[in-house]
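Single-structure report; data block below.
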Amino acid sequence: MTLIKSISGIRGTIGGKVGDNLTPVDAVKFASAYGTFLKAGRDSSQAQNDKKMKVVIGRDARISGPMIHNLVVNTLIGLGIDVIDLGLSTTPTVEVAVPMEQADGGIILTASHNPKQWNALKLLNAKGEFLSGAEGAKILEIAEAEAFDFSDVDSLGEIMANDAYMDIHIDEVLELPLVDAEAVAKRKFKVVVDGVNSSGGIIIPKLLEQMGVECVKLYCEPNGHFPHNPEPLKEHLGDICKLVIEEKADFGIVVDPDVDRLAFISNDGEMFGEEYTLVAVADYVLSKTPGNTVSNMSSSRALRDITEKHNGSYQASAVGEVNVVELMKATNAIIGGEGNGGIIYPELHYGRDSLVGVALFLTHLANLDVTVAELRASYPQYYMSKNKIELTPQIDVDGILATLTETYKSENISTIDGVKIDFPTEWVHLRKSNTEPIIRIYTEAPTQGAADALAVRFVNELKAIAGI
């Protein structure tokens, strides 16, 4: 059982002891800290103070969602903050809704790709973007001090339910200049969707239907009972890979429970590769609007290659959506994201958005006379191995990474985020996760065997240094 406080929000397992897990007490505590943080940051002008604060709330379909939702909503009400309650929603939908509602912030109640025993509070600013590290640290300080000042009975907030935003989100995506629903409809695509029994099972089929795509639903009942591990990796997706072939579908779509990670299954039932979601979408976007791109250090070199093909410049940020967004803004990137299947397209908003990814990918495919498998084969061929080591309190992660840095000091090394070692034809990135008590070991090489071998080598080196 774990409670993790990081740049990715407040995330933990349900049940157990206060302070060790995401208990009801912890949910109230951190919601109180967030609300207090927002109130402290208000403009001091009288006109602004006369205006009641608003926060947008949405949740994924996980089993603990209604409980955490009620706790968080009513905590904000107790702070005198109005709540615009989207109910069952997605992370990008809440991000879109915050500025539309001219709200002061937003909270998505989701543990993203984590299994069903997890939940989290993912915190947004008034732009509908994730808080910075410094802002997150301030909220943790407020929570630790329990410096809360709740409202009297005449100043309590109100709840305003609004279940229209998933449809509004779809409309916003379809209105993007590079999305061509008519071209897609003419191709009469057939697509299988795995919604992992969460809100993606509602919103992705709706989007496809409005683009004239035949949709075969798999695990699209939003009951929170995830039929497989919800992280969209190959080892978890045997059912949809099989169904794509059985249905003779053009491809398959997989999203995580809060719909900010997107993976495709090719028409031959093989993984398109979540690393290549961003590569394919960027290829299309850059062909129409040349410019720069950004992804994180654990993402494939293929995006760099595609960007340079379109005469753009590529840069890598530290892992974490807020870091990617910050670098995208600094470099005026046209598109960016993360190799875990997260597409960030500023034309709509600065957040990972599977709906944007699906619509742009479909338009890209509609403009080409190739299968999805052929499209995948047309891109630079890199292979990744993603591994992890479970952490215990006794493991000194910083000390281990410092030792590795010294060992490989003659190589091209970055310590912006953990340790990334760039060898001539391959790389390894080792870092402590923001979302789980693990060290992640990602490698990439020209062949799968080389990537796997590099991963085994560094897993063994880490264990040897840690004495495990």
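Computed from the coordinates by the stated procedures, all read-outs in this text should not be read as laboratory data. In this text, all values refer to a predicted model and were calculated from it rather than measured experimentally. We place every Cβ from the backbone using ideal geometry, glycine too, and count neighbours over all the protein chains shown.
At each listed q (0.13 Å⁻¹), what is the log10 of I(q)/I(0) that the Debye formula gives for region 3-163 modelled as equal alpha-carbon point scatterers? Rounded to two decimals, the profile gives -0.53.
What percent do you get for the relative contact order of the chain when only Cα pairs under 8 Å and 6+ apart count? Relative contact order comes out at 12 percent.
Along region 189-204 the Karplus relation, 6.51 cos²θ - 1.76 cosθ + 1.60 evaluated at θ = phi - 60°, assigns HN-Hα couplings of 5, 10, 10, 9, 10, 9, x, 6, 6, 9, 5, x, x, 9, 7, 5 Hz to successive residues, with x for each Gly and Pro.
From the alpha carbon centroid of region 141-180 to that of region 47-91 is 6 Å.
Of the trypsin sites (Lys or Arg not before Pro) found in region 139-245, those that fall in a DSSP loop while having at most 12 other beta-carbon atoms within 10 Å are K188.
Share of pairwise Cα-Cα distances greater than 20 Å in region 383-466 is 27 percent (whole percent).
Of the GluC sites (Glu not before Pro) found in region 364-426, the ones in coil according to DSSP and having at most 15 other Cβ atoms within 10 Å of their Cβ are E411. Here the Karplus curve 6.51 cos²θ - 1.76 cosθ + 1.60, taken at θ = phi - 60°, turns the phi angles of region 162-169 into couplings of 8, 9, 8, 6, 5, 5, 4, 4 Hz, with x standing for Gly and Pro.
Across all Cα atoms of region 286-377, the radius of gyration (one decimal) and Dmax (whole number) stand at 12.8, 37 Å. Our note on the geometry: Cα centres of region 387-409 and region 263-331, 28 Å apart.
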